[in-house]
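What follows is one structure encoded as structure tokens, with my remarks underneath.
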Amino acid sequence: MNRPFFYGKNYIWLLVTLLVIALDRVTKYLAVEHLLSFHSRPVMPFVDLTLMYNMGAAFSFLNAPVLWHRFFFLAIEGFASLGIFIWIGRIASRNYWLLVGLSLVLGGALGNCWDRITLGYVVDFIDLYIKHWHWPVFNLADAAITTGMICIVIHLLRDQKQ
């Protein structure tokens, strides 16, 4: 079967990806401009804004100032982003949850990739906690990736039932 690269109207989903990247850039810019590194600014009873710089993967995994980490994570993000971009173009548009999930994951990966390329690290600033237990500080791109993966799991569970 010979069909165009972007099946149906799937190019619309790239707008979701671009929106995630834009929101990620704006929020990171605001965090860098208005927050002090490692100083928490309370927002809600369980949310602080705390500016941190992450040289590792999502949620500070392998966060260390080691040069190979930067290139390793850039390579993973680059290959994954290319694969997801191609995947979005080939999926039937009726797979709503899968397309939403992939678009969010792609936007989040490219948002963090932008930081790695331009800064050498990823800007994180959202600090969720319960009492003294803190989730690793993250950013909007990480939240988009996590939400996207939840959407993909929903798609898989719904698809399995059918």
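Scanning segment 38-90 for residues that are within 21 Å of residue 126 (Cα to Cα), of a type in the set (Phe, Trp, Tyr) and at pLDDT 85 or above yields 38, 46, 53. Applying a threshold of 7 Å to beta carbon distances and a minimum spacing of six or more residues, or different chains, the list of pairs starting in segment 140-162 at a residue that is within 21 Å of residue 92 (Cβ to Cβ) and in contact (Cβ under 8 Å) with a residue 12 or more places away in the chain and ending at one that is among the β-branched types (Val, Ile, Thr) and buried (at least 16 other Cβ atoms within 10 Å of the Cβ) reads 148/105; 149/105; 151/100. Just give me the residues in segment 124-145 being farther than 21 Å from residue 44 by Cα and touching a strand residue (DSSP E or B) at 6+ places or on another chain (Cβ under 8 Å), in sequence order. Scanning segment 124-145 gives no hits. Among the residues of segment 101-123 satisfying the criterion of being buried (at least 22 other Cβ atoms within 10 Å of the Cβ) and among the polar types (S, T, N, Q), which is farthest from residue 89 (Cα to Cα)? In this case the residue turns out to be 112.
Within segment 92-126, the set of residues being touching a Ser or Thr at 6+ places or on another chain (Cβ under 9 Å) and aromatic (Phe, Trp, Tyr) comprises just one member, 125.
Within the span defined as segment 24-35, one or more residues are part of a loop (DSSP other than H, G, I, E, B) and modelled with pLDDT of 90 or more.
Per the listing 130, 154, 126, 150, the residue uniquely crowded, with 18+ Cβ neighbours inside 10 Å and either modelled with pLDDT of 90 or more or among the aromatic types (Phe, Trp, Tyr) (or both) is 126.
The values are calculated or read from the model by the stated rules, or taken from the named source; none is laboratory data. Owing to the predicted nature of the structure, the values given are computational and were not obtained by experimental measurement. For neighbour counting, all protein chains shown are included, and Cβ atoms are generated from backbone atoms with ideal geometry for every residue, glycine included.
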